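The values are calculated or read from the model by the stated rules, or taken from the named source; none is laboratory data. Small disclaimer: the values here were computed from a predicted structure and weren't measured. All Cβ positions, glycine included, derive from the backbone under ideal geometry; neighbour counts span all protein chains shown.
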Amino acid sequence: MLKQTKNWLRQHDFEYHQDFIRPLLGTERTYVLKFGRDSKKNSRVIVKYRYTFFGKLKITELDLHIHGQHNPRVFASEADFIEYLEQHLDKIKLDAYKHPERLEVTE
């Protein structure tokens with residue numbers, strides 16, 4: 001699950017850890033992928049998924065909680081999620097959501 005996302009994280013030197021949460025009732029399951037740099041895995045992706053009648057995996061929602069962001073971002077597909085990560089790579093690398101002063105360039 002999330003093969004493209006894991007490859008993207010490896011390419012940009014992020015560490016990650018994955019957990020599965022299986023509910024007692026209901027058909028929707030949850031997968032949590034925590035990621036970050038320097039062994040500080042402060043950001044996470046929460047994937048809600050289910051299995052179809054024929055056993056195919058179907059992702060229903062991806063929630064991105066970046067460290068310091070007030071509102072989580074919700075995505076419908078992994079492609080949209082990776083596109084968002086590409087656009088906000090500088091802020092994620094510098095942890096600028098929690099510390100905006102790190103984004104300022106000093107010369």
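Residues that are of a type in the set (A, V, I, L, M, F, W, C) and not in a loop (DSSP other than H, G, I, E, B) within the stretch 57-78 comprise L57, I59, L62, L64, V74, F75, listed in sequence order. Evaluation of S43 against the conditions (1) touching a helix residue (DSSP H, G or I) at 6+ places or on another chain (Cβ under 8 Å); (2) not in a strand (DSSP E or B) shows that the sole unmet condition is (2).
I'd like the full set of residues that are surrounded by fewer than 15 Cβ atoms within 10 Å (Cβ to Cβ) and not acidic (D, E), limited to the stretch 70-83. Even if it seems obvious, please write down each step before you answer.
From the stretch 70-83, those surrounded by fewer than 15 Cβ atoms within 10 Å (Cβ to Cβ) are 70-72, 74, 76-77, 79-80, 83; that's our starting set.
Those that are surrounded by fewer than 15 Cβ atoms within 10 Å (Cβ to Cβ) and not acidic (D, E): H70, N71, P72, V74, A76, S77, A79.
In the set K56, K48, only one residue is over 14 Å from the mean Cα position of the chain (by Cα), at pLDDT 85 or above, within 21 Å of K3 (Cβ to Cβ) and not aliphatic (A, V, I, L, M); that residue is K56.
When the stretch 45-56 is examined, which residues are found to be surrounded by 12 or more Cβ atoms within 10 Å (Cβ to Cβ) and either in contact with a Phe, Trp or Tyr (Cβ under 7 Å, 6 or more places away or on another chain) or under 14 Å from T27 (Cβ atoms) (or both)? Even if it seems obvious, please write down each step before you answer.
So the first thing to find is which residues in the stretch 45-56 are surrounded by 12 or more Cβ atoms within 10 Å (Cβ to Cβ), and the list is 45-51.
Those that are surrounded by 12 or more Cβ atoms within 10 Å (Cβ to Cβ) and either in contact with a Phe, Trp or Tyr (Cβ under 7 Å, 6 or more places away or on another chain) or under 14 Å from T27 (Cβ atoms) (or both): V47, K48, Y49, R50, Y51.
In the stretch 15-30, the count of residues that are at pLDDT below 85, within 12 Å of the chain's Cα centre (by Cα) and of a type in the set (S, T, N, Q) is zero.
Scanning the stretch 20-37 for residues that are under 16 Å from I59 (Cα atoms), charged (D, E, K, R) and surrounded by 10 or more Cβ atoms within 10 Å (Cβ to Cβ) gives E28, R29.
Please go through the stretch 59-69 and pick out each residue that is modelled with pLDDT of 85 or more and either among the aliphatic types (A, V, I, L, M) or loosely packed, with under 15 Cβ neighbours inside 10 Å (or both).
From the stretch 59-69, those modelled with pLDDT of 85 or more are 59-65; that's our starting set.
If the condition is that a residue be modelled with pLDDT of 85 or more and either among the aliphatic types (A, V, I, L, M) or loosely packed, with under 15 Cβ neighbours inside 10 Å (or both), then I59, T60, E61, L62, L64 are the ones that fit.
For the stretch 10-58, the set of residues classified as farther than 24 Å from H70 by Cα and either acidic (D, E) or touching a Pro at 6+ places or on another chain (Cβ under 6 Å) (or both) consists of D13, E28, listed by residue number.
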